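Chemist: If you scroll down you'll find the structure; I have some questions about it.
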Amino acid sequence: MTAATRFKRVLLKVSGEALMGRQGFGIDVAVADRIAADIAEARALGTEVSVVIGGGNIFRGVGVASKGGDRVTGDHMGMLATVINALALRTSLTKLGIEAIVLSAIAMPQICESFSQRVALAHAEAGRVVIFAGGTGNPFFTTDTAAALRAAEMGASALFKGTQVDGIYSEDPKLNPHAERFEQLTHDEVLQRGLAVMDVAAVALARENHIPIVVFSIHEGGGFAKILAGGGRSTFVSD
Ligand code: UDP
């Protein structure tokens, strides 16, 4: 099966942490440019790509709550952070001559269009990279859950989750070098073993909608396209 048939349309989840590169905070433009180049490579294989972007490089709601602040306000701040990242990724894609559109779950018409499934599908069908900002638009959720939700709404054939390492491990391989790496798992196994790759809501939503999750390293330039082409390193989570 070629990438074009196996992965006609995919949803890529990029965490805020990935955009930060080696900096402690914010956006490393060189990293955003490299991720944009990875998306360009994937498109060249005939795969339609849309993106859900995180915000953890700028703000996380739980951080506010843990310091005695209001969780809902903190989550609003986190969702705004994802919009900043989305604008950065759109800029990087535009530099490569790729048309990209930011759709936010929270209306901010002076900055970007608002999300609706109809608008998102129309942009994707017109060949644009759709970047989903604002998470789900609700507090107490994560952008991982937003990624599973948008993957279902877009009819994506897979959810690609770019992480710090090249797949799912039994434990954090940076803390335990002997951690077991999995090639393939089911959604149920991820949930039952409590593997900390995505939150439970995200994995459950992907399971209910029979959407495979492909976990790979966002730091390996070209890694995304390699997997689409049938190679590369990843953990494949399916029914
Ligand atoms: N967030 C939220 N609802 C959502 C998605 C995100 O409230 O549907 C907030 C939440 O505070 C979260 C922050 O936005 O901590 C940034 O998102 P996330 O932590 O998922 O980003 P990532 O870890 O992928 O960088």
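The values are calculated or read from the model by the stated rules, or taken from the named source; none is laboratory data. Keep in mind that what you see is a predicted model, and the values were worked out from it rather than measured. Don't worry about glycine lacking a Cβ; one is built from the backbone with ideal geometry, like all the others, and counts go over all protein chains shown.
Chemist: Take residues that are more than 16 Å from the ligand (Cβ to nearest atom) and tell me which of the helices (runs of 4 or more DSSP H) falling wholly in the stretch 40-153 contain 2 or more.
Modeler: Details: elements: 61-66, 71-95, 117-125.
Hits in the stretch 40-153: 71-95, 117-125.
Chemist: Please work out which one of (1) in a helix (DSSP H, G or I); (2) away from the ligand (no atom under 16 Å from the Cβ); (3) within 26 Å of residue 21 (Cβ to Cβ); (4) not acidic (Asp, Glu) is the condition residue 190 fails and give its number.
Modeler: Failing condition for residue 190: (3).
Chemist: Now for a different question. Which of the residues belonging to the stretch 138-188 are of a type in the set (Asp, Glu) and exposed (fewer than 14 other Cβ atoms within 10 Å of the Cβ)? Don't jump to the end; show me each part of the working.
Modeler: Within the stretch 138-188, the first condition is being of a type in the set (Asp, Glu), and the residues that meet it are 144, 153, 166, 171-172, 180, 183, 188.
171, 172, 180, 183, 188, listed by residue number.
Chemist: I would also like to ask the following. Across the stretch 188-218, what is the total count of residues that are touching a Lys or Arg at 6+ places or on another chain (Cβ under 6 Å) and over 15 Å from residue 169 (Cα atoms)?
Modeler: 0
Chemist: Is it fair to say residue 220 is surrounded by fewer than 21 Cβ atoms within 10 Å (Cβ to Cβ), under 25 Å from residue 39 (Cβ atoms) and not polar (S, T, N, Q)?
Modeler: Yes: the conditions hold for residue 220.
Quick grid of which residues meet (1) modelled with pLDDT of 95 or more; (2) buried (at least 17 other Cβ atoms within 10 Å of the Cβ); (3) under 20 Å from residue 145 (Cα atoms):
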{"site": "13", "(1), (2), (3)": "yes, yes, yes"}
{"site": "17", "(1), (2), (3)": "no, no, yes"}
{"site": "23", "(1), (2), (3)": "no, no, no"}
{"site": "29", "(1), (2), (3)": "yes, no, no"}
{"site": "35", "(1), (2), (3)": "yes, yes, no"}
{"site": "38", "(1), (2), (3)": "yes, yes, no"}
{"site": "49", "(1), (2), (3)": "yes, yes, yes"}
{"site": "62", "(1), (2), (3)": "no, no, yes"}
{"site": "78", "(1), (2), (3)": "yes, yes, yes"}
